[in-house]
Amino acid sequence: MSILSPEQQAIKQAAKDFVAKHIIPFAAQYDKSGEFHPYLLEASKESKIFGMAVPKEYGGLDYSALTQALVLEEWGYGCAGMGTTLAASVLSMDSVLVAGNDEQKRRYFTPMLNAEIGSFGLTEPGAGSDAGAGKTTAVKVGNEYILNGTKCWITNGGFASVYVIYALTDPAAGMKGISAFIVERGLPGFTIGTVDHKLGIRSSNTVELLLKDVHIPVTNLLGKEGEGMKIAMKTLDMARPAIAALSVGLAQRSLDECVKHVQKTFTGKSYPGQTLQFKLADMQILVDAARNSLHEAMRLRDAGLPYSKESAISKTFCSDVAMQVTTTAVSLMGTYGYIELGKYMRDSKIMQIYEGTNQIQRLVISRAVLAPPPAAAVAQKAGN
Amino acid sequence: MNFELTEEQQLIGQSAREFGKEYLEPIAVDLDHTGNFPKAVVDGLAKHDFLGLLLPADFGGAEAGFVSYVEVIESLSRYSAAVASIVNNHTIAAYTIQHWGTAAQKKQYLHDMAKGELLGGFAIYEHGPTPGVGPDALVAVKHAEGYVLNGKKAYVRNAGEAGVYVVFATTDPALGAKALTAFLVKADTIGIKVGEKLETMGLKGCPVADITFENVVLPESALLGAVNGGVAISAKALAVASVAEAAQTVGIGQAAVEHAAAYAKQRVQFGKPVATLQAIQTLLAEVATDCHLARLGLQNAALLIEEGKPFEVEAAMIKSFLVRLGSKMLLDTCQVEGGFGYSEFMPLPRLFRDIAGTNLLDAPGDFPEKLIAASIA
Amino acid sequence: MPKCLVCYKWTLDEQDIKIKPEDLSLDSSRAKGKISDFDRNAIEEAALLVEKNGGAVDALSYGTPTVKQSLKDCLSRGPEKAFWIGDASAETADASVTANVLAAAIRKLGQYDLILCGEGSSDLFNQQTAPRLAALLGLPCVSFVNRLSVEGDVVKATRKLEDCVEAVTVKTPVVISVLSEINKPRIPSLKQVLGASKKPNEELKVADLGLKPEDLQPKAVRKSVKGFVMQRKNVIYKESSAADNVAKLKSSLASEGLC
């Protein structure tokens, strides 16, 4: 566990308290029903936590990357589904942070301070890992863009007020013709399609978004036309560690529940044998290592240093750890685990899939690993 | 050494697969949603002799061997692991009665169990660290009329649907598990209370519940095997059960890898089916490999059971293998299907939830590695 | 109490056959055998008739020596006895050879009231076995049967033809070929599977059937078998207008001989 400043410790404790009061008591219920926790946003208003990434000049909490990770770990500990609600909203606002102008930032960050949430609309039925294969179009007509297309597996889609939608302004240019737009809830032609029933993170709202001749003003373009994929990639780089944080919380929670059960079962003279002890130790080793890798990546980002590789590593490692730890917890604790700890296992699987599958992450990491060292590159250049 | 199934074993497997396709496939999703015990299907299984597969012909059983049995369980599990679970738990109870019951006990129960008119359950686990230890341990006290049982059994499968339970109680709390004794308990015995059905994340349709015993009086004739002979009986029965459960895991895994492979062949990303990507090939290959090796391992253990040879080590090995790699079969196939592997509109999430319920270490701290190590060191 | 004979074929399970992408040749090395689909219906129909009217069902199959693997499968589905001819000639046999061999065997086995076949085999689906058998044995042939009943020596059959449904009455002995919709083949229970090994089977040798060498010579010779694989061409038309794209598509299709 890395050493935190008093401020960070206070923020972490506040998040812990919030989660204990508003998330943990409701997690099982909304996992079962698959419904969005109706009072979560209301309860979050006071803390402005959905504005945790919003810069101070716009009234936000302006938390450092590491601090955001601390908060998300607590939310992941309470319920990975509700943690996803927060993470996905921050993800969408990261696009505005990356590419928005001052007016856009003011306009769209402000609702976040009032526990309205955002939604990131990149994925389409034919564009999953191949994110650049999207077919949604944005045609410029006068001082408007008209959007048409379908987005799927969009988190928060049914409850957001602000959507970042990626669409082709230049279909002939393929990936380089994608642009990023803000679409506001309730615009004519912009509707919610099917709600996805998922294996886990069931309290997270996942829907289809349908855009049929949706008119938005040209001022809703984020950055420049054709910059969409660049913005998306930068956004995902920033947001990946959020998944790592949720994963660490999730893993720690399942381990803690496992330990509680072991302590309850082995009372009096009986004590868990070495095998069980070592399996618990292995789980703690992984969770700690995962947390440390995440915090390292966040420190790099906060220091303004390149962190793309570390971001990918932390997302991959932390989610893989969560999957391993939560799976072990279930089988280790027998039918008790199957009944009481199954949610954590179900929640973990998506961490390895969304915001860039762990296979995509490995492409990013291996590219960095196989790239020639900087000195050689300079020598090469000099030699030319 | 012949790795091929005999013609009969193959045909039995074929019948089971046809039954699965005809009767299990259409109901599997609904069964998972409602969790309602599939009586019609269980009756159909009985008609095809699946519920009396191992039982001697004298009792109306098919008298097929254990290799045929695991072939059936794997085949059924490809379509509905929940139904396979019902069959497994019933069969282990019947197996126990067949091997340790008196002639009178066998006559009393096995005919009806073979016919499927009487379903079996196996009540071994408790909430304490080991059966026979802890405040809720099921204790059997000698009585004028036989025995009086008090306590609680945990996580009994087929609970509420079974007509007879094989129950393990300790005759001496001071000795705990060492004094474990087996009894045959009819479901309608006074003082037995089947608790509320527990909500499991998968294998829905195979009911699981705690069973409380409150001054349950059993006659001498309910004693199964010797007094304090329960450890030996439960160890052997659970070893047999673990081989059967391994077949369940492999059936689920096989269904998953076939679905994921078919998906990967038609899902086009980056201009090609994802099945052409090495990342996907690795995932599919590992699952197919683990499935294949697990199948060979469990068939080997099944053959030893069938031939009456020592099998406990092999059974522990296959359990150990699948505790480590069983769920991985679904973790990896869900990964192949990405978002589709997470959506309950598709089949893999149900298989994920089902496979997580097989090869559980229900006796906390009781690891198969202990037995394996003891056999070599 | 009809005495029935079902002729069935032991074929390869087509779902196990893989197509080699390089030359579209078939790889059957991992293919398991199965009773041809429609023949299963024929066996089931015979079993149902006998369950209803009494009598007995025999089964007969001509194939390569692997046909021996089919016996227990067949006997678990109703027949009392299985006759089999496992001969290398089956490797290249066409419909005329098959019919010659089966007819010769049937002449040896004696009188049957009904001889049932599937309408066609699941591998070749020539639909010739039943009509040829009937011609060779001098018996009436009723094909495309989707409903069958027997009363004494009178057989009532419904034929499902392309444009109508025909009701036929015929006196035994008769050759019948059945469609798959006539019934749903039973799933053999375990006792039926295990009981199959107790039922008798008898091998018949081609040499003992009194055939002439030319009877075993196929009149149609298979030159090659290739699989069919759907290929994606992945062509994208990027003309400036929709009309131009359509024109391009049209000329592409024409060059493939498709329009």
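The values are calculated or read from the model by the stated rules, or taken from the named source; none is laboratory data. It should be emphasised that the depicted structure is a prediction, and the values quoted were computed from it without experimental measurement. Every residue, glycine among them, receives a Cβ derived from its backbone with ideal geometry; neighbour counts consider all protein chains shown.
Going by the conditions given, is residue C:181 under 20 Å from the mean Cα position of the chain (by Cα) and within 30 Å of residue C:49 (Cβ to Cβ)?
Yes: the conditions hold for residue C:181.
Which of the residues belonging to segment A:3-19 are part of a helix (DSSP H, G or I), among the aliphatic types (A, V, I, L, M) and either touching a residue at least 40 places away in the same chain (Cβ under 8 Å) or exposed (fewer than 12 other Cβ atoms within 10 Å of the Cβ) (or both)?
Result: A:10, A:11, A:15, A:19.
Residue A:187 fails exactly one of the following numbered conditions: (1) within 14 Å of another protein chain (Cβ to nearest Cβ); (2) part of a loop (DSSP other than H, G, I, E, B). What is the number of that condition?
It fails just one condition, (1).
Of all helices (runs of 4 or more DSSP H) completely enclosed by segment B:281-377, which ones contain at least 3 residues that are of a type in the set (Phe, Trp, Tyr)?
none
For (1) within 16 Å of residue C:121 (Cα to Cα); (2) among the hydroxyl-bearing types (Ser, Thr, Tyr); (3) buried (at least 22 other Cβ atoms within 10 Å of the Cβ), each residue gets a yes or a no:
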{"residue": "C:11", "(1), (2), (3)": "yes, yes, no"}
{"residue": "C:26", "(1), (2), (3)": "no, no, no"}
{"residue": "C:33", "(1), (2), (3)": "yes, no, no"}
{"residue": "C:39", "(1), (2), (3)": "yes, no, yes"}
{"residue": "C:43", "(1), (2), (3)": "yes, no, yes"}
{"residue": "C:47", "(1), (2), (3)": "no, no, no"}
{"residue": "C:56", "(1), (2), (3)": "no, no, no"}
{"residue": "C:66", "(1), (2), (3)": "no, yes, no"}
{"residue": "C:77", "(1), (2), (3)": "no, no, yes"}
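From B:149, B:119, grab the single residue that is on the phi < 0 side of the Ramachandran plot, more than 14 Å from chain A (Cβ to nearest Cβ) and in contact with a Phe, Trp or Tyr (Cβ under 7 Å, 6 or more places away or on another chain).
Result of the check over B:149, B:119: B:149.
Being modelled with pLDDT of 95 or more, among the acidic types (Asp, Glu) and not in a helix (DSSP H, G or I) is true for just one of A:208, A:257. Which residue is that?
Answer to the selection: A:208.
Tell me the residue from C:143, C:96, C:76, C:149 that is over 26 Å from residue C:186 (Cα atoms) and either among the small types (Gly, Ala, Ser) or modelled with pLDDT under 95 (or both), please.
Step by step, each of C:143, C:96, C:76, C:149 is checked, and only C:96 is over 26 Å from residue C:186 (Cα atoms) and either among the small types (Gly, Ala, Ser) or modelled with pLDDT under 95 (or both).
In this structure, does residue C:195 turn out to be at positive phi, surrounded by fewer than 18 Cβ atoms within 10 Å (Cβ to Cβ), in the same structural domain as residue C:58 (by TED's automatic domain parsing) and more than 21 Å from the chain's Cα centre (by Cα)? I'd like the intermediate steps shown before the answer.
On the way: at positive phi: no; surrounded by fewer than 18 Cβ atoms within 10 Å (Cβ to Cβ): yes; in the same structural domain as residue C:58 (by TED's automatic domain parsing): yes; more than 21 Å from the chain's Cα centre (by Cα): yes.
Criteria not met by residue C:195.
Tally up the residues in segment B:337-352 that are more than 7 Å from every other protein chain (Cβ to nearest Cβ), among the charged types (D, E, K, R) and under 11 Å from residue B:32 (Cβ atoms), please.
So the answer is 1.
Filter segment B:45-63 down to the residues that are within 24 Å of residue B:254 (Cα to Cα) and either part of a helix (DSSP H, G or I) or within 9 Å of chain C (Cβ to nearest Cβ) (or both) and list them by number.
B:45, B:48, B:50, B:53 - these are the residues of segment B:45-63 that are within 24 Å of residue B:254 (Cα to Cα) and either part of a helix (DSSP H, G or I) or within 9 Å of chain C (Cβ to nearest Cβ) (or both).
Consider only pairs whose beta carbons are under 6 Å apart and that are at least six residues apart or on different chains; among these, list those whose first residue lies in segment B:357-370 and is more than 7 Å from chain A (Cβ to nearest Cβ) and whose second residue is crowded, with 21+ Cβ neighbours inside 10 Å and of a type in the set (Ser, Thr, Tyr).
B:358/B:249
Hey, residue A:306 hits all of (1) in contact (Cβ under 8 Å) with a residue 12 or more places away in the chain; (2) assigned to a loop (DSSP other than H, G, I, E, B); (3) more than 11 Å from every other protein chain (Cβ to nearest Cβ) but one; which does it fall short on?
Exception for residue A:306: condition (1).
The rows are residues; the columns are (1) in contact with a helix residue (DSSP H, G or I) (Cβ under 6 Å, 6 or more places away or on another chain); (2) within 14 Å of chain A (Cβ to nearest Cβ); (3) more than 18 Å from residue B:234 (Cβ to Cβ).
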position	(1), (2), (3)
B:93	no, no, no
B:113	yes, no, yes
B:141	no, no, yes
B:155	yes, yes, no
B:172	yes, no, no
B:176	no, yes, no
B:196	no, yes, yes
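Confirm whether residue C:256 is surrounded by 10 or more Cβ atoms within 10 Å (Cβ to Cβ), free of Cβ contacts under 8 Å to residues at least 60 places away in the same chain, over 30 Å from residue C:88 (Cα atoms) and not small (Gly, Ala, Ser).
When the stated conditions are applied, residue C:256 does not pass them.
Restricting attention to segment B:205-223, which residues are buried (at least 23 other Cβ atoms within 10 Å of the Cβ) and either β-branched (Val, Ile, Thr) or not in a loop (DSSP other than H, G, I, E, B) (or both)?
Pass one, segment B:205-223, residues buried (at least 23 other Cβ atoms within 10 Å of the Cβ): B:205-208, B:211, B:213, B:216, B:218.
Residues satisfying the conditions are B:208, B:211, B:213, B:216, B:218.
Could you tell me whether segment A:213-229 includes any residue that is within 24 Å of residue B:335 (Cβ to Cβ), of a type outside the set (A, V, I, L, M) and touching a residue at least 60 places away in the same chain (Cβ under 8 Å)?
Taking every residue of segment A:213-229 in turn, none turns out to be within 24 Å of residue B:335 (Cβ to Cβ), of a type outside the set (A, V, I, L, M) and touching a residue at least 60 places away in the same chain (Cβ under 8 Å).
Suppose we filter C:80, C:44 for residues that are touching a residue at least 24 places away in the same chain (Cβ under 8 Å), under 24 Å from residue C:153 (Cβ atoms) and within 14 Å of chain B (Cβ to nearest Cβ); which single one remains?
C:44
Scanning segment A:326-351 for residues that are crowded, with 23+ Cβ neighbours inside 10 Å and of a type in the set (A, V, I, L, M), which turns out farthest from residue A:315 (Cα to Cα)?
A:333
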